[in-house]
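Asks: Structure provided below as structure tokens; questions to follow.
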Amino acid sequence: MANRDKIEKLDDLIKESIGGEVLEQHAQSLLPPGENYGSVMYKVDFKVRKGRRTEEHHAVAKCTPTNQITQELFNIKETFKAEIAWYTTVIPTLRKFAKDRGLDRDMDFFQEFYGARISLDPRSDTVDLDGVILTENLKQRGFYNIDRHVGFDASTTFSILKDLATFHAVPLAMRLKYPALFDTKVAPYCPKFGGAEGPSKEQIDKGLLSFFASVPEIQPYMDQITRTIKESFPFKQRELREPWISVIHLDFWCNNIMVTGGKNSKNIILDMQVPMIASPAADVIFFLLTSVSFEAIKTRFDLFLKFYYEEFIKNLKQLKVETSAFTFDSFIEEVNHAAKTAELAHSLGHVQMILMEKGTSGMDSSKTDSKPEDVANIISKPNPRQIEKTKWLIQEAVKRNWF
């Protein structure tokens, strides 16, 4: 339910992580209108008593969306459970594997997990509106979300790509070296996303194509764009192409990354809601096309790709994986394949959401009456930021033969 002022049974949620008796708590919406996409987020401040000592804690509660469209699009009944399992099972498994294999860094780009449930009914196996995932409030440690209208600067982008390379290399190494461990502790928690292949996708595609057709510089490419938009669906299972098979985030864009910023930025990867077994190149290209500052991506696109690749290979070598099959040329082939089959369409649509006027997403997960046509109507009326970025995306697609 939306507009909570507290989290029910908070004591039960934190009993294994923080413990103590909850004395008081206050919950309020974490995000402004238009920023809740696949869930509803709350800032939760609370005090607990442990014996004679009182502690203050600051958390974020990720709650199930209240509108039906988002529930279906994100396949909440499966993905919410899977995200809980990422914190309880997958992340600890990946961290232990990386340490045991000799990786010289900790996978420190995940937030601290406090507790979760799918329902207030302990007997229920169905995710309902009382589902909660409680994690640390990262702002208390100096992390922040970048302004989505600006994007990450070059220095922070390099830092994020370094973490992304580790995020991809560890499960890939596990799949190759310990496939049974991967198949039991990781793969089951990469569920089917869900999908808007019916009326939802049709409405959003309609809005996108109406926008593209209104821009003179884009009009010569409308046949290729229309085919790409209609035939691509980023959230379907991908073709698996050896050896480039790992776990990808699938939704790796600026709102799902918190940073401290700069060359030595610490970064946290958020929202493990829809991971997929697929090519790491998909995350890389989607992130670069959607979330890096316009000036940085226009001048450093290929440099970013090369940097990611080198970090990825460095991780594989530390994890004692033979890397001869992972050539740079084959990586670029993966980038191009991912762009052609899914990520160009994914990025063309997502850039419009990112660069919309703030407060006007049209499909906020906290609004029970949000409809796909709301998004379509807003997308079809672009602002100058959206037009400029989309023109560049199309130019890159033409230059790199992604159509």
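The values are calculated or read from the model by the stated rules, or taken from the named source; none is laboratory data. Keep in mind that this is a model prediction, so the values were computed, not measured. Ideal geometry is used to build each Cβ from the backbone, glycine not excepted, and the neighbour counts take in all protein chains shown. For the accessible areas, the whole protein counts, side chains as well, though only heavy atoms, and no ligand, DNA or RNA atoms are used. Shrake-Rupley method; radii C 1.70, N 1.55, O 1.52, S 1.80 Å.
Asks: For every other residue with a beta carbon closer than 12 angstrom to the beta carbon of Q140, add +1 if it is Lys or Arg and -1 if Asp or Glu, then tell me the sum.
Replies: Around Q140, the charge tally is -1.
Asks: Between their Cα atoms, which of K99/K162; K192/K320; K306/K391 are more than 21 Å away from each other?
Replies: K192/K320; K306/K391
Asks: When the helices in the chain are scored as -39500 (n - 2.57) per DSSP H run of 4 or longer and the sum is shared across all residues, what 222 nm value do you end up with, to the nearest 500 deg cm²/dmol?
Replies: Helix-only estimate at 222 nm: -13000 deg cm²/dmol.
Asks: Related question: Counting Lys +1, Arg +1, Asp -1, Glu -1, what net charge surrounds V259 among other residues with beta carbon under 15 Å of its beta carbon?
Replies: +1
Asks: Can you pull the one-decimal nm distance between simple spin-label points at T126 and K99, each 7 Å off the Cα toward Cβ?
Replies: Calculated label separation equals 4.0 nm.
Asks: ³J(HN,Hα) across the range 300-311 via Karplus (A = 6.51, B = -1.76, C = 1.60, θ = phi - 60°), whole Hz, x for Gly/Pro?
Replies: Using θ = phi - 60°, the values come out as 10, 3, 5, 5, 4, 4, 5, 4, 4, 4, 5, 5 Hz.
Asks: Follow-up question, since we're still on this one. Given the Cα-Cα distance of R52 and N264 and 0.36 nm per residue of separation, how much length would full extension add, in nm?
Replies: Separation in residues times 0.36 nm, less the Cα-Cα distance, equals 72.3 nm.
Asks: Report for the chain the percent antiparallel among DSSP-assigned beta bridges with both residues inside it, nearest 5.
Replies: Close to 95 percent.
Asks: Enumerate the whole-percent occupancy of each 5 Å bin, from 0 to the last occupied one, for all C-alpha pair distances of the range 297-349.
Replies: 5, 17, 21, 24, 18, 10, 5, 1
Asks: Tell me which residues come under 5 Å, amide H to amide H, from N137 once H is placed; ignore anything under 5 positions away on its chain.
Replies: Answer set, sorted by chain and number: H58, A59, V60.
Asks: Rounded to the nearest 10 Å², what accessible area does D147 have for a 1.4 Å probe in the complete protein model?
Replies: That residue has around 60 Å² of solvent-accessible surface.
Asks: Pop a pseudo-label 7 angstrom from the Cα along the beta-carbon direction at both E322 and E24 and give the gap in nm to one decimal.
Replies: It works out to 6.4 nm between the two label points.
Asks: With θ set to phi - 60°, apply the Karplus curve 6.51 cos²θ - 1.76 cosθ + 1.60 along the range 121-134 and write out the HN-Hα couplings as whole Hz, x wherever there is a Gly or Pro.
Replies: Going residue by residue, I get 8, x, 8, 7, 10, 10, 5, 10, 6, 9, x, 9, 10, 9 Hz, with x marking Gly and Pro.
Asks: I'd like the GluC sites (Glu not before Pro) in the range 145-250 restricted to DSSP loop residues with at most 13 other Cβ atoms within 10 Å, sorted by number.
Replies: E197, E217, E239
Asks: Same structure again: Each residue of the range 235-251 in turn: what ³J(HN,Hα) in whole Hz from Karplus with 6.51, -1.76, 1.60 and θ = phi - 60°, glycine and Pro shown as x?
Replies: 9, 7, 4, 8, 5, 9, 10, 4, x, 7, 10, 8, 9, 10, 6, 6, 9
Asks: A further question on this structure: With every protein chain kept in the model, how would you rank K162, K263 by accessible area, 1.4 Å probe, largest at the top?
Replies: Per-residue accessible area, sorted high to low, gives K263, K162.
Asks: Counting only protein heavy atoms and using a 1.4 Å probe, what share of the accessible area of the chain belongs to carbon plus sulfur, as a whole percent?
Replies: Result for the chain: 49 percent of the exposed heavy-atom area is carbon or sulfur.
Asks: Still on this structure, please answer the following. Which of E357, E388, E112 moves the most in a Gaussian network model of the chain with Cα springs under 10 Å?
Replies: So, out of E357, E388, E112, the one fluctuating most is E388.
Asks: Could you pull out every residue, at least 5 positions away or on a different chain, whose amide H is within less than 5 Å of the one on I257? Hs are placed 1.01 Å off N in the peptide plane, and Pro or chain starts have none.
Replies: L270
Asks: Please identify every one of the trypsin sites (Lys or Arg not before Pro) in the range 164-193 that sits in a loop by DSSP and has no more than 15 other beta carbons within 10 Å of its own beta carbon.
Replies: Loop-located and lightly packed - K192.
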